[in-house]
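First the structure, in the form of structure tokens, and then the observations on it.
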Amino acid sequence: MRDFNYALKQLCRRNRDGSRVTQHDRERVLDQIANQLHDWGYRHMGTASLKPKHVERLVESWKAAGLAVGTIKNRMVGLRWWAEKIGKQNLIAKDNGHYDIGNRQFVTNVSKARELTAGELSKVTDPYTQMSLQLQAAFGLRRGESIKIRPESADGGDRLILKDSWTKGSRPREISIRNEEQRRVLDEAKRFAGRGSLIPADQRYVEQLRRFEYQCAKAGIDRVHGHRHQYAQARYREITGWPAPAAGGPRSTELTPAQRAIDHEARLTISRELGHVREQISAVYIGR
């Protein structure tokens, strides 16, 4: 590990703001930034070396690389945290508009769905990660939910019951068990985990999260959030009878009044099952 990466890691370890997941994500972002600065030839940086020119160049490179607005904003949060901890918070503009970082572009009608294949799954050597990935694909779970879940407690017979301690925003929810594949995956997860979660007994959540990320990277499984997109699009077709706009189906403006009513109900159902409060967020997954 380079000295600069190590120094930023130590800065994170001395300042444990937020949840363990937040701390982990922050440390990862700063490690990526340190690598990028090193690759550009900044060889003797320390934690106090951050300057406006570094911020400007980082932002421009992220935009040029086509990173999502949300991803860039998350990285800016990490940069601002770093600047605050070294007493230089004023070197980064408070408004992202200063760097021409726009609002999140949620709806593109370009599918981000990702199918989990047997070949990919066979490359994952950690059985806990294997099981989490299968639950993601079968039920559209978030990464954290698929790790924290206790399958035996979640089995409600005809539905999967997610407790607030497992979910984002601490919002409990239920997902209907509608097909044999979902039942097979859940039963397999119950046999594997017993009465526990998909976190090994000798590990903490953050440690298993790191293992999950490593295993996915090693197996070439990127964009795991795409499993939720795949679930949403499959669910939309199941409810409506036609493909989602992001999967080549008709746009909302092309539907008849009767079809729009079915479309609206499908979007409400999918939003609930994915754990979102607003119906509009379904467009991120299925298009508009």
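Within the stretch 243-262, identify whether any single residue is under 22 Å from residue 167 (Cα atoms), hydroxyl-bearing (Ser, Thr, Tyr) and surrounded by 13 or more Cβ atoms within 10 Å (Cβ to Cβ), and answer yes or no. So far as the stretch 243-262 goes, no, none of its residues is under 22 Å from residue 167 (Cα atoms), hydroxyl-bearing (Ser, Thr, Tyr) and surrounded by 13 or more Cβ atoms within 10 Å (Cβ to Cβ). Just one of (1) outside the structural domain of residue 141 (by TED's automatic domain parsing); (2) of a type outside the set (D, E, K, R); (3) within 30 Å of residue 70 (Cα to Cα) fails for residue 255. It is (3). Taken across the stretch 142-151, residues that are touching a strand residue (DSSP E or B) at 6+ places or on another chain (Cβ under 8 Å) and either at pLDDT below 95 or part of a loop (DSSP other than H, G, I, E, B) (or both) do occur, with at least one present. Residue 195 passes every criterion in (1) part of a helix (DSSP H, G or I); (2) surrounded by fewer than 21 Cβ atoms within 10 Å (Cβ to Cβ); (3) touching a residue at least 12 places away in the same chain (Cβ under 8 Å); (4) not small (Gly, Ala, Ser) apart from (1). So how many residues does the stretch 22-59 have that are among the charged types (D, E, K, R) and in contact (Cβ under 8 Å) with a residue 12 or more places away in the chain? Result for the stretch 22-59: 7.
Residue count for the stretch 219-240 under the criterion of being part of a loop (DSSP other than H, G, I, E, B) and of a type in the set (Ser, Thr, Tyr): the result is 0.
Please tell me if residue 157 is closer than 24 Å to residue 21 by Cβ and either surrounded by fewer than 19 Cβ atoms within 10 Å (Cβ to Cβ) or touching a strand residue (DSSP E or B) at 6+ places or on another chain (Cβ under 6 Å) (or both). For residue 157, the condition - closer than 24 Å to residue 21 by Cβ and either surrounded by fewer than 19 Cβ atoms within 10 Å (Cβ to Cβ) or touching a strand residue (DSSP E or B) at 6+ places or on another chain (Cβ under 6 Å) (or both) - is not met. Per the listing 237, 204, the residue uniquely out of contact with any strand residue (DSSP E or B) (no Cβ under 8 Å at 6 or more places or on another chain), within 18 Å of residue 138 (Cβ to Cβ), of a type in the set (Lys, Arg) and touching a residue at least 12 places away in the same chain (Cβ under 8 Å) is 237.
The values are calculated or read from the model by the stated rules, or taken from the named source; none is laboratory data. Model, not experiment: these values are computed from the prediction. Methodologically, a virtual Cβ is constructed for each residue, glycine included, from the backbone with ideal geometry; neighbour enumeration extends over all protein chains shown.
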